Ligand code: GRG
């Protein structure tokens, strides 16, 4: 199967599973389920759950063994986007070219839809224990890792730094640290969760974490370049391409992608899909 088809197939599997796992819109209170579904089915690329599936595959495991966790992480990602767009945070009226959650449902419901997706994300991760061959110990480890990677030392903390840092006095080290927390952390979690549920050893986990950190950093730098190329509204938040220029951003993201692929050496040809995903990030247009 070619790689484009691979991405498409997995995206379809994830979309179908999310539809199955989320409460129907008509379930009361209907408005919250509508709002959850509006953002979950708002046109996301599903990169994080695809990474979880691809990591399980590296260990010879099938989709079924990690799909609930993969979808749980996508729900948590969607929560972070809804809250990121709120008037009190980024104040963004649009997400993926469509009105953001608070513009459609009002601020109160948008906040609650984000909260509900965070809770549902954890619920799905726990429900991965319904897969017969999953060890309960590995589910507990993934729950602990999820709290760590989205908590104040990582994603949430990164968002706090994002609000506080001013472009004028930011160094490259500050920005790398911020992006590691704000963006790379959830990407690392997606990969580590797939690996933990598939029985990876410490050496394999270290190699995959390095891969996740490097593609995660590259992902945010590429996002910054796309924002500039697509003339997005300036949110006043730090942007790598704004501060260090497009040329430097391009070469830095290419270097990070090469380093990411290098860290997969121990897996030989088995990591072909993860290498393809890393390359795809450099060419994505949205
Ligand atoms: C509890 C207030 C509160 C917030 C949670 C808001 C937040 C913490 C974190 C936000 C972190 C954030 C939005 C990081 C940006 C990461 C990023 C580049 C998101 C876009 O990812 P894509 O391109 O999105 O994968 P799609 O649209 O494909 O789903």
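Values in this text are rule-based calculations from the coordinates and carry no lab data. Quick caveat, the model's predicted, so the values are computed rather than measured. Note that each Cβ is placed from the backbone with ideal geometry, even for glycine, and that neighbours are counted across all protein chains shown.
List of remarks:
- Hydrodynamic radius by Kirkwood, which averages 1/r over all alpha carbon pairs of region 104-146, in angstrom: 11.8
- Length gained when the stretch residue 62-residue 286 is fully extended (0.36 nm per residue, less Cα-Cα span): 77.8 nm
- Hydrodynamic analysis of region 156-200 uses the Kirkwood radius over alpha carbon pairs. Inserted into Stokes-Einstein at 20 °C and 1.002 mPa s, it gives a translational diffusion coefficient of 183 µm²/s.
- In this label model, residue 122 and residue 88 are separated by 2.0 nm, measuring between points 7 Å along each Cα→Cβ vector.
- Cα point-scatterer Debye curve for region 161-286, base-10 log of I(q)/I(0) at q = 0.10, 0.12, 0.21 Å⁻¹: -0.33, -0.47, -1.19
- Nearest-0.05 FRET efficiency for residue 205 and residue 272, computed from C-beta distance (R0 30 Å): 0.95
- Residue exposure sequence - 187, 14 - by fewest surrounding Cβ within 10 Å: 14, 187
- Considering all C-alpha pairs of region 20-78, those separated by over 13 Å amount to 63%.
- Between region 151-224 and region 70-85, the alpha-carbon center distance in angstrom: 15
- When the helices of the chain are scored as -39500 (n - 2.57) per DSSP H run of n ≥ 4 and the total is divided over every residue, the value at 222 nm lands at -22000 deg cm²/dmol.
- Shape annotation for region 66-158: C-alpha extents along the principal axes are 44, 25, 21 Å, from largest to smallest.
- In region 223-284, the inverse of the mean reciprocal separation of distinct Cα atoms equals 13.1 Å; this is its Kirkwood hydrodynamic radius.
- For region 15-128, the Kirkwood hydrodynamic radius from C-alpha pairs, put into Stokes-Einstein at 25 °C and a viscosity of 0.890 mPa s, yields a diffusion coefficient of 171 µm² per second.
- Extension gain for residue 177 to residue 165 (0.36 nm times residue separation, less C-alpha to C-alpha distance): 3.1 nm.
- Pairwise label distance in nanometres, residue 262 with residue 228, each label 7 Å out on the Cα-Cβ vector: 2.5
- Shape summary of the chain, radius of gyration then Dmax from alpha carbon positions: 18.2, 54 Å.
- By the equivalent-ellipsoid construction on the alpha carbon gyration tensor, region 103-236 comes out with semi-axes of 30, 21, 13 Å, ordered largest to smallest.
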